[in-house]
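Worksheet: the structure to be examined is printed underneath.
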Amino acid sequence: MVRQGIATEACRLLTELSEKADPSIQELYLEEADHTLSDPKGSFGKESLRENQSVSIRVQVSWLRCRFFPMLSATAILASMNSEILNQARVYVSSMLNGKLPPWAVYHNLAHTEEIVEAAEEIAEGSKLSKADHETVLLAAWFHDVGYTEVVEGHEEKSVEIATQFLQSKNYQKSDQVAGCIRATKIPQTPRSMLEQVLCDADMVHLGKKRFFDRGDLLRMEIELRTGKPFSDREWHQKNLEFASTGSFFTEYARKEWSPRRRKNLVALQESVRELASVRDDEATKLNAKKDKAAAKTEKEKKPERGIETMFRVVPKNHLDLSALADQKASILISTSSIILSIIFGLLVTKMDSHPYITFPTVILALVCLTTMIFAILATRPNVTSGTFTREDVAQRKTNLLFFGNFHSSSLDDFDWGMRQMMNDADYLYGSMIKDLYFLGKVLGVKYKYLRIAYTIFMWGLIASVIAFGIAIFTAQAPVPVQ
């Protein structure tokens, strides 16, 4: 009957709106009104109406509220639709809760606030509050938990502070009543006026709903995430029972509508506590032993096997790539120096008799190229060791069988035996891999040291040679013609 009354009132509203609307969308209003009467549980407002900018935004919001909260009365819908301060508060609080709540706030969030606003609106309508009181209690409902964005303990006072600042900035005259309603929700609740009773009952509405246990699970999760201390099922159910069994709803409407379901929830909660309390002590001991074992296993230091394998696969590859790059750079220097030396001996040396002034620059250039080639060759010169080992060396972990220079002259039987010994000893295996990485780094260090020297000599030598050639050419005397 309540939904049918809502549908009738909504139909009347839609009909009135159609008379004021643009002729092009009047038919849509009337069609929606007809649909509302035939299906009171259906949605309000067509997609084309929402897209038409000539329709008031507040009217569209009211239709959506009718769709998601069908138990609201038509008077409450009209009150919300005509209150600009409520719409501004909704936007402001939604923005704060969506943007500033900590990650652990899975219960005291925007969804919880909207649930309390819905309940407060229902109680206010059922209690026949005036339009002004209706507005005041809904404002308090929107702001009652916004303090969680900054603090947990004493969040009510922080909510009052935020609400007061907002309402005073909007020149709202009843900010003191809003503050009183918010303060009344502090546990234990102490409402002193009808408005405070309405908000207190709305804040505890989940006690009289079927979703009582679902909301309790969210609250439990929030407390555990925030404190880092999990509850056992028995502890949580006992704590929940103590909280839910103290006090009752304050308003006549809440007692009438939700007390029956509250009593059922309390009975179900009491049965859960009894079932958990009936668990035998030896089963609880076993459970605690399993938990301790699991905790010890978790705390036990483990080697990141996959990470180690990845490291020993990637790092040697990077070393070898750097070694190949050094060899390539040395090869470039050797080739370039060889070409310059070929030019010197094939062209410049033959000109020294007729052009003696180029002798000194030519010698400098030749020495630069020769020195560069020497250091480049040193950077790429291999160093091979004896390539033998003894089984005693393997037993004492003195040899690294992962480097070819330590086994290339040994027999296959000795190498096979040594490798199997190393594979059966994780410390020996990882130690050999670490040594292999170390000596690869040492070789790279020598390569790049010689390579840097070669490039430095080549760079500065070329500069000096060019300068010498320039000076020799510009200071040379012209040859005297023979008489």
**OP:** State whether one or more residues within the stretch 88-96 are touching a helix residue (DSSP H, G or I) at 6+ places or on another chain (Cβ under 9 Å), among the small types (Gly, Ala, Ser), surrounded by 19 or more Cβ atoms within 10 Å (Cβ to Cβ) and at pLDDT below 90.
**Re:** no
Original post:
For residues in the stretch 145-176 being among the β-branched types (Val, Ile, Thr) and within 12 Å of ALA89 (Cβ to Cβ), which is farthest from the chain's Cα centre (by Cα)?
Top reply: ILE162
Subject >> Matching residues in the stretch 94-116 - criterion: being part of a helix (DSSP H, G or I), within 24 Å of the chain's Cα centre (by Cα) and of a type outside the set (Gly, Ala, Ser) >> reply: MET96, LEU97, ASN98, LYS100, LEU110, HIS112
**OP:** Enumerate the pairs (first residue in the stretch 318-333 and closer than 14 Å to VAL446 by Cβ and part of a helix (DSSP H, G or I); second residue anywhere and open to solvent by less than 60 Å² (accessible area, probe 1.4 Å) and of a type in the set (Lys, Arg)) with beta-carbon separation below 7 Å, excluding pairs fewer than 6 apart on the same chain, so at least 6 apart or on different chains.
**Re:** SER323/LYS447; ALA326/LYS447
Original post:
Within the stretch 350-369, which residues are touching a helix residue (DSSP H, G or I) at 6+ places or on another chain (Cβ under 7 Å) and either of a type in the set (Phe, Trp, Tyr) or open to solvent by 50 Å² or more (accessible area, probe 1.4 Å) (or both)?
Top reply: LYS351, TYR357, PHE360
Original post:
How do the pairs read when you match residues in the stretch 412-441 that are over 23 Å from HIS319 (Cβ atoms) with residues anywhere that are among the basic types (Lys, Arg) and open to solvent by 50 Å² or more (accessible area, probe 1.4 Å), using Cβ under 9 Å and keeping only pairs 6 or more apart or on different chains?
Top reply: ASP414/ARG391; TRP417/ARG391; GLY418/ARG391; GLN421/ARG391; ASP425/ARG397
Original post:
Which of the residues that make up the stretch 190-209 are in a loop (DSSP other than H, G, I, E, B) and under 19 Å from GLY126 (Cβ atoms)?
Top reply: PRO191, SER193, MET204, LYS209
**OP:** State whether the residues of the stretch 416-436 include one that is in contact with a helix residue (DSSP H, G or I) (Cβ under 9 Å, 6 or more places away or on another chain) and closer than 30 Å to ILE358 by Cβ.
**Re:** no
Subject >> Selection status of LEU451, at pLDDT below 85 and under 28 Å from LEU322 (Cβ atoms) >> reply: no
**OP:** Out of SER323, SER342, SER338, report the one residue that is at pLDDT 80 or above, open to solvent by less than 70 Å² (accessible area, probe 1.4 Å) and over 30 Å from ILE434 (Cα atoms).
**Re:** SER338
Subject >> Answer from GLU242, GLU275, GLU252 - the residue that is among the charged types (D, E, K, R), over 41 Å from the mean Cα position of the chain (by Cα) and at pLDDT 80 or above >> reply: GLU252
Original post:
Taking the condition in contact with a helix residue (DSSP H, G or I) (Cβ under 9 Å, 6 or more places away or on another chain), part of a helix (DSSP H, G or I) and under 17 Å from VAL178 (Cα atoms), does LEU138 pass?
Top reply: yes
**OP:** Kindly indicate which of LEU167, LEU138 is modelled with pLDDT of 90 or more and closer than 20 Å to TYR253 by Cβ.
**Re:** LEU138
Original post:
For the subset of the stretch 120-153 comprising residues that are polar (S, T, N, Q) and more than 13 Å from ALA202 (Cα to Cα), which member is surrounded by the most Cβ atoms within 10 Å (Cβ to Cβ)?
Top reply: THR136
Original post:
Hey, any hits in the stretch 285-296 for a residue that's modelled with pLDDT of 80 or more and in a helix (DSSP H, G or I)?
Top reply: no
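The values are calculated or read from the model by the stated rules, or taken from the named source; none is laboratory data. Being a predicted model, the structure only gives us computed values, none of them experimental. Cβ coordinates were reconstructed from backbone atoms using ideal geometry, including for glycine residues, and neighbour counts include every protein chain displayed. Just so you know, the surface numbers come from the protein's heavy atoms only, side chains and all, with ligands and any DNA or RNA stripped out. Shrake-Rupley method; radii C 1.70, N 1.55, O 1.52, S 1.80 Å.
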